[in-house]
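No value in this document is a laboratory result; all are computed from the given coordinates. Owing to the predicted nature of the structure, the values given are computational and were not obtained by experimental measurement. Every residue, glycine as well, gets a Cβ built from its backbone with ideal geometry; the counts of neighbours run over all protein chains shown.
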Amino acid sequence: MGSPEAALPRVSGLTLQEVERRHILWVMEEVGFQVEVAASLLGIPRSTLYVKLKGYGIQTSRFQNLRPESGM
């Protein structure tokens, strides 16, 4: 068996904050910038995700038009 470290993605030189920012951005992209869905997948409250998005400078408002209209 290989070492557990061999299974980890290469993130050498990145801070924990940068790894978190990249993961949040990846999840947001995967769910079409639907904050509620992303928060659920990340296992954090929506309000916490909004704080993190703001702190990392990740804007969601520009993606509003990509979301399906409610009631369709």
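For the reader, a short list of remarks on this structure follows.
- A full extension of the chain between L14 and V37 corresponds to an added length of 5.6 nm, given 0.36 nm per residue minus the alpha carbon distance.
- Gyration tensor (alpha-carbon) shape descriptor, the stretch 15-61, a/c threshold 1.5: rounded
- Highest-first arrangement of 33-42, 47-56, where packing means the average Cβ count within 10 Å: 33-42, 47-56
- Full extension of the chain between K54 and E30 gives 6.8 nm of extra length, using 0.36 nm per residue less the Cα-Cα distance.
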